[in-house]
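Visitor: The structure under discussion is supplied below as structure tokens; questions concerning it will follow.
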Amino acid sequence: MKNFCLRALLEAGFIIFLFYANLLMGEFERSGMGRNMGWGWAIHDIFTMDNFAVAMGAAVVGYAVVELLRRKL
């Protein structure tokens, strides 16, 4: 049970990390405001409750899909 919880936490955490990394990269693309406003503004802009809710939803769905594939294969 301990290994199951640790694996779930690690996989969900990795999905959340990738989500926020993608948002941060988007702030520094051509159309993003991060280039003009700086790092502090970009970090403040991406860490919102709405983004966190999306990240958690993606982590739960991603974990469920990975577990389904792991058990089927």
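All of the numbers you see were taken from the coordinates with simple rules; none came from a lab. Keep in mind it's a predicted model, so treat the numbers as computed, not measured. Reconstructed Cβ throughout: ideal geometry from the backbone, glycine too, with neighbour counts over all protein chains shown.
Visitor: Using θ = phi - 60° and the Karplus relation 6.51 cos²θ - 1.76 cosθ + 1.60, list the HN-Hα couplings for segment 49-65 in order, rounded to whole Hz, with x at every Gly or Pro.
Guide: So the Karplus estimates, Gly and Pro as x, are 5, 5, 5, 5, 5, 5, 4, 5, x, 5, 5, 5, 5, x, 5, 5, 5 Hz.
Visitor: Treat the count of other C-beta atoms within 10 Å as a stand-in for reagent exposure and order VAL61, VAL66 from fewest to most.
Guide: Sorted ascending by nearby Cβ count, the order is VAL61, VAL66.
Visitor: Under the rule of -39500 (n - 2.57) per DSSP H run of 4 or more residues, summed and divided by the residues of the chain, what mean residue ellipticity at 222 nm is obtained, to the nearest 500 deg cm²/dmol?
Guide: The per-residue figure over the chain is -28000 deg cm²/dmol.
Visitor: Quick check: pseudo-label points 7 Å beyond the Cα along Cα→Cβ at TRP39 and ALA64, how many nm apart are they?
Guide: Label at TRP39, label at ALA64, 3.7 nm between them.
Visitor: If you don't mind, there's one more thing I want to ask. Ranked by Cβ crowding within 10 angstrom, fewest neighbours first, how are ASP45, ASP50 ordered?
Guide: ASP50, ASP45
Visitor: What list of ³J(HN,Hα) values in whole Hz, one per residue of segment 67-73 in order, does the Karplus curve 6.51 cos²θ - 1.76 cosθ + 1.60 (θ = phi - 60°) give from phi, with Gly and Pro shown as x?
Guide: Karplus values, whole Hz, x for Gly and Pro: 5, 4, 5, 5, 6, 6, 9.
Visitor: Can I get the semi-axes of the chain's equivalent ellipsoid? Compute them from the C-alpha gyration tensor as square roots of 5 times the eigenvalues, in angstrom, largest first.
Guide: Listed largest to smallest, the semi-axes of the chain are 31, 12, 9 Å.
Visitor: I need the phi-derived Karplus couplings for segment 6-17: 6.51 cos²θ - 1.76 cosθ + 1.60, θ = phi - 60°, integer Hz, Gly and Pro marked x.
Guide: Each residue of segment 6-17 in turn: 5, 5, 4, 5, 5, 5, 5, x, 5, 5, 5, 4 Hz.
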